[in-house]
Amino acid sequence: MNKKFFSLFFTILLFSTFLSFTTKINAQNDVMMQAFYWDVPVDQVNHNGTWWDTLRIKAPSLATAGFTALWIPPPSKGNFGITDMGYGIFDHYDLGNYFQKGTTETRFGSKSELTSMISALHTNGIKVYADIVLNHIYADDQQLENNPAVKQYEFDKAFRNNTQYQAYPTNEIYWKIPNATPGDYYIQIKGYLLDWAASSTQRGYDVYIDWTGAAPNGTPTWEYEPNDGNGSFNLFPGSGQTVRAHIASATDIDEYKVTVSTTHDILIKLVARKEGTDANGNWEWQWAPQENGYYVYAAWNNGSNLASTTLQAQTFTGISYPTHTGVGEPNYSWTYADFHPVDNTDWLGFPGTDEIITNTKFFGNDLNTFSSTVQQRLKDWGYWMANQIGFDGFRLDFVRGFQESFVADWVKNLPLLNGSQRFIVGEYWGADYRIRDWVNNVATNGADVDGFDFPLKFTLKDMTNGNGSSFDMANLN
Ligand SMILES: [Ca+2]
Ligand SMILES: [Ca+2]
Ligand SMILES: [Ca+2]
Ligand SMILES: [Ca+2]
């Protein structure tokens with residue numbers, strides 16, 4: 001294989017002054033522009049995206065300047081609504097034409113503004129490459145559902161197949177005892193994958209419990225030991241309140257008593273915390289990595305432990321959309337079984353360095369790209385983006401996050417463009433040999449892809465930021 005990297009890594013921003021260049025440069029090869037930057041302008045108040053309009057208006061001058069293709073940001077509706085840069089992808093088929101996540105338009109504009117832009121660029125001989133996110137879907141607590149796979153994953157403390165895996169993020173699980181009847185409930189919390197060698201100040205957590213539907217209220221109070229079950233517990237201060245606590249050891253249990261007087265759901269939310277100091281050296285109760293695992297270990301009521309029965313672990317994986325009405329747009333929902341961990345044997349890996357990591361909660365809900373249902377949905381969407389919307393090629397986001405065979409299947413499913421496979425470039429952050437291996441392995445699976453040359457990009461950056469003594473030109477080799 002002598003496939004070359006796509007080494008023209010342009011991060012040319014769309015300066016208004018750019019078009020004032022008087023010397024026309026005729027490109028010898030195709031030149032793609034990254035036609036966006038982080039946090040491009042948007043009218044958040046009126047939920048009006050303007051970026052597609054901006055690019056449409058500039059189409060003739062971009063063509064004159066020599067650009068033959070634009071790489072545009074992910075155009076689908078994101079979980080973070082009007083501010084989303086597209087990587088928080090929520091609904092693949094919502095290109096700014098369905099009201100959800102607080103807005104109809106995306107950060108970049110409406111679907112009609114998008115298609116007008118594509119038409120204008122095509123008229124000017126410029127291809128349009130969409131940024132495609134195949135690894136994940138973001139959602140939030142509007143998409144809660146009961147997730148038995150994650151519940152068992154917590155009870156297994158992410159230890160399966162004789163392997164210690166990564167925790168599911170503590171703050172992405174809402175524990176729930178539905179329709180709890182009046183009585184006393186003793187809720188036990190444990191920790192896992194914590195730094196047991198560190199001071200217990202580093203193993204903090206917030207526990208929020210609601211059993212009346214009260215809005216969050218009150219000033220946080222502190223847990224106190226002994227609080228270990230077997231007769232010692234803390235009386236939870238009130239529905240909708242938050243207690244700050246620590247887990248002393250791997251075997252430590254913290255137990256909270258709540259008394260339900262009227263049948264109601266009991267909702268328990270945990271957030272990993274730690275003690276630290278702020279910029280002025282003052283003590284602070286800080287956010288901690290949510291991969292510090294805390295979970296509801298048991299919930300006793302009337303002598304029965306509800307952990308294995310009615311207790312639920314709810315996650316942000318119950319995803320459905322407004323009815324899609326456009327040509328070729330399917331209507332389906334996603335459930336926990338579409339995202340890792342999908343069942344009682346699946347797992348989440350540690351993020352690693354730059355190797356392929358198919359199962360990881362690096363971003364949002366990690367799609368199970370081994371599922372034939374997930375694969376078919378993503379392939380159908382790619383076909384629709386090319387065939388119905390008119391994208392000429394694609395830039396694939398975070399290709400470290402899914403298997404190369406699926407990349408090849410996805411590419412091979414696309415309709416041809418003028419009899420040829422469409423241009424595909426992957427974002428593989430990693431060493432040059434990793435990028436080369438990815439390109440070659442996808443090729444072995446039958447698809448032609450390129451990869452951004454990140455090592456060259458960083459070398460060029462070092463060169464331009466350096467001075468005569470701080471950069472060795474041999475590094476360019
Ligand atoms: Ca608009
Ligand atoms: Ca404790
Ligand atoms: Ca304890
Ligand atoms: Ca993945």
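Below are the figures for this structure:
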{"quantity": "Evaluated over the range 61-218, the Cα radius of gyration and Dmax, each in Å", "calculated": "23.1, 75"}
{"quantity": "Residue-normalised accessible area of the range 146-315, expressed per residue, 1.4 Å probe, Å²", "calculated": "43"}
{"quantity": "Magnitude of the charge dipole, the chain, Cβ model with Lys/Arg +1 and Asp/Glu -1, debye to 20", "calculated": "1080"}
{"quantity": "Helix axis angle, 454-465 relative to the chain longest principal axis, alpha carbon, degrees", "calculated": "80"}
{"quantity": "Over the chain: helical MRE at 222 nm, DSSP H runs n ≥ 4 each giving -39500 (n - 2.57), nearest 500", "calculated": "-5500 deg cm²/dmol"}
{"quantity": "Overall form of the range 254-336 per C-alpha gyration tensor (a/c, 1.5; a/b vs b/c)", "calculated": "oblate"}
{"quantity": "The range 146-315 shape via C-alpha gyration tensor axes, a/c threshold 1.5", "calculated": "oblate"}
{"quantity": "Leading residue at positive end of dipole, the chain (Cβ point charges), from GLY293, THR50, GLN100", "calculated": "THR50"}
{"quantity": "Rounded to 10°, Cα long-axis angle of helix 51-64 versus longest principal axis of the chain", "calculated": "20"}
{"quantity": "Among beta bridges that DSSP assigns inside the chain, antiparallel share in %, nearest 5", "calculated": "75"}
{"quantity": "Percent accessible area from carbon and sulfur atoms, the range 146-315, protein chains only, probe 1.4 Å", "calculated": "49"}
{"quantity": "Of the chymotrypsin sites (Phe, Trp or Tyr not before Pro) in the range 93-197, those whose Cβ has at most 16 other Cβ within 10 Å and which sit in DSSP loop", "calculated": "PHE99, TRP196"}
{"quantity": "Degrees between helix 404-413 axis and first principal axis of the chain (Cα, 0 to 90, nearest 10)", "calculated": "50"}
{"quantity": "Quarter of Cα convex hull surface for the chain, i.e. mean projection, nm²", "calculated": "27.8"}
{"quantity": "Three-way shape label, the range 145-213, alpha-carbon gyration tensor, a/c 1.5", "calculated": "oblate"}
{"quantity": "Loop GluC sites (Glu not before Pro), the range 339-433, which have at most 14 other Cβ atoms in a 10 Å radius of their Cβ (DSSP)", "calculated": "GLU355"}
{"quantity": "Violating pairs (Cα-Cα greater than 18 angstrom) within the set LYS151/LYS176; LYS157/LYS361; LYS151/LYS269; LYS190/LYS257; LYS127/LYS461; LYS58/LYS101", "calculated": "LYS127/LYS461; LYS58/LYS101"}
{"quantity": "Lys/Arg +1, Asp/Glu -1 at C-beta; the range 52-190 dipole; positive extreme among THR64, VAL128, PRO74", "calculated": "THR64"}
{"quantity": "Rule-of-thumb Rg ratio for the range 398-477 [Cα; 2.2 N^0.38 Å; N residues]", "calculated": "1.39"}
{"quantity": "Charge dipole of the range 146-315 about the Cα centre (unit charges at C-beta), most positive-ward option of HIS264, ILE187, GLY218", "calculated": "HIS264"}
{"quantity": "Electrostatic dipole magnitude of the range 146-315 [Cβ: Lys, Arg +1; Asp, Glu -1; Cα centre; debye, to 20]", "calculated": "340"}
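The values are calculated or read from the model by the stated rules, or taken from the named source; none is laboratory data. In this text, all values refer to a predicted model and were calculated from it rather than measured experimentally. All Cβ positions, glycine included, derive from the backbone under ideal geometry; neighbour counts span all protein chains shown. We work out accessible area using only protein heavy atoms, side chains counted, and drop any ligands, DNA or RNA first. Shrake-Rupley method; radii C 1.70, N 1.55, O 1.52, S 1.80 Å.
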